[in-house]
Amino acid sequence: MSNAQPSQPVRPTQPIGIISTGSYLPATVVDNDEVGAAAGVTAEWIERKTGIRRRHRAAPHEATSDLAAEAARRAIEQAGLTPDRISYVVVATSTPDHPQPATAAIVQHLIGAHRAAAFDVNSVCSGFMFAMTAAERMLHGETPDAGAAPGEQGPYALVVGADVYSRIVDHTDRKTAILFGDGAGAVVLGPVPSRVGSLTTSLVTRGDQHGLISVPAGGSRRPASARTLEEGGHYFTMDGRGVRGFVHDNLPGAIRGLLAKAGVDGREVRHFVPHQANGVMLAEVRPDLGMDAARMHLALAHHGNTGAASVPITLDLAHRRGMFAEGDVTVLSAFGGGMSVGSALLRWAPTRYARPARTRTDVGTEARIPHGATREPALAGSR
């Protein structure tokens, strides 16, 4: 007599993909003349070194959660959902409203997603990619929403990247102040048809290089004090030459590994949405990525480096301009402090998107690197 237990039925895995996008940029626009005056450089120098012309800056009353909540509302609206349909709210940020509670908890409250579990992810500029991977994995373990109409069953996750770097950069430091802007971008993840959605992801952390990017004070190692304030320990710091070296050494291998893992030829990739760190650096590294036919979407000329928000903001701008077709092979990738690289490979899913009226922030997403752009290792890197 056998003691074997009857096998349990295996629940098929529902493909998960991006079903909508949203973004928010603060109203105040700061051009290179203003930033350069404080940092001691010219507007032309900033554009030549970075490809950036202007960036947005949060108003005094706006915190990271405010930007994140507005981007979230736009993504949820585009998805045709109500906030109570969201199961998870994941916010990627390295400029939280405060050390605790999680900024995601505030966003959950602001948008009325009262059924959602909410938490933050901090992988600096790679944060959105880490957060999206975590949310996708959690959705694979969920059951469909029985209360939804046929064909609209969830579950759904809201993933937001949001940063307000204007609050933590030293505006006299030309290595960092010229790069950053404030903003938020969001996506809603949910079930998609079997032929589309996420194919694979890749997350890499090189903790041995964590010192390349930091905010030294304000944590448990160096608590806030009069001395840390006097020393400027609460400002964002970056070894530009080291960061640039890290990107050149690690980004190509991460993306080529991502494609190999999924068995996808780089020539099949139609779209590449990178972290909007520095346009000159991206132009330098692009030939090594193995995606020569892909369109590289850039919005940094108008928005600068918005940290964890840069990939979802750029993705939303391209999406709302109708650049993605169903089934398009797309690579999203970001690099940031830690040091870390996060990448995702997907086939674009059908969405409920309808093109809105053109606005002043509806700009092109393939900005050209300025003619005559040159390298300067100390300035070419970014978070």
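The values are calculated or read from the model by the stated rules, or taken from the named source; none is laboratory data. Note that the structure is predicted; figures quoted are calculated from it, not measured. Virtual Cβ from ideal backbone geometry, glycine too; neighbours counted across all protein chains shown. These accessible areas exclude ligands, DNA and RNA; they are computed on the full protein's heavy atoms, side chains included. Shrake-Rupley method; radii C 1.70, N 1.55, O 1.52, S 1.80 Å.
For the chain, modelled as a GNM whose springs connect Cα atoms under 10 angstrom apart, the maximal fluctuation among 57, 73, 295 occurs at 295. Taking 252, 99, 216 as the candidate residues, the one with maximal mean-square fluctuation in a Gaussian network model of the chain, Cα springs under 10 Å, is 99.
Hey, in the GNM for the chain with a 10 angstrom Cα cutoff, which one of 210, 319, 98 fluctuates hardest? Evaluated over the chain, the most mobile residue of the options is 98. Look at where the Cα atoms of segment 300-353 and of segment 206-238 average out, and the two centres are 29 Å apart. Please give the Cα centre distance for segment 71-137 versus segment 158-173, rounded to the nearest Å. Using only Cα atoms, the two centres lie 17 Å from each other. Per atom type, segment 230-364 shows carbon and sulfur on 46% of its accessible surface, probed at 1.4 Å. With contributions of -39500 (n - 2.57) from each DSSP H run of at least four residues, the per-residue ellipticity at 222 nm computed over the chain stands at -8500 deg cm²/dmol. Using heavy atoms of the protein chains and a probe of 1.4 Å, the accessible area assigned to residue 62 is about 20 Å². A crude spin-label estimate for the pair residue 82 and residue 228, with each label 7 Å from Cα along the Cβ direction, gives 4.4 nm.
Heavy-atom accessible area, probed at 1.4 angstrom with all protein chains present, ranks 156, 235 as 235, 156, highest first.
Where a ≥ b ≥ c are the square roots of the eigenvalues of the C-alpha gyration tensor, would you call segment 230-279 rounded, which needs a/c under 1.5, or, failing that, prolate if a/b is larger than b/c, or oblate? Prolate shape, in that a/c is at least 1.5 and a/b is the bigger ratio. Think of each Lys and Arg Cβ as +1 and each Asp and Glu Cβ as -1; about the Cα centre, that makes the dipole of the chain roughly 500 debye. Accessible area per residue was computed with a 1.4 Å probe on protein heavy atoms; residue 271 scores about 10 Å².
Å³ per residue of the Cα convex hull, for segment 62-202?
That works out to 117 Å³ per residue.
Once all protein chains are placed together, residue 50 keeps about 0 Å² accessible to a 1.4 angstrom probe.
D by Stokes-Einstein for the chain, Kirkwood Rh over Cα pairs, 4 °C, 1.567 mPa s: 62 µm²/s.
Once the 1.4 Å probe is applied to the protein heavy atoms, segment 207-329 comes out at 41 Å² accessible per residue. Each Lys and Arg adds +1 at its Cβ and each Asp and Glu adds -1 at its Cβ; summed about the Cα centre, segment 216-336 shows a dipole of about 160 debye. Each Cα pair under 8 Å and six or more residues apart adds its separation to the average, and for the chain the resulting relative contact order is 25 percent.
Think of each Lys and Arg Cβ as +1 and each Asp and Glu Cβ as -1; about the Cα centre, that makes the dipole of segment 258-317 roughly 80 debye.
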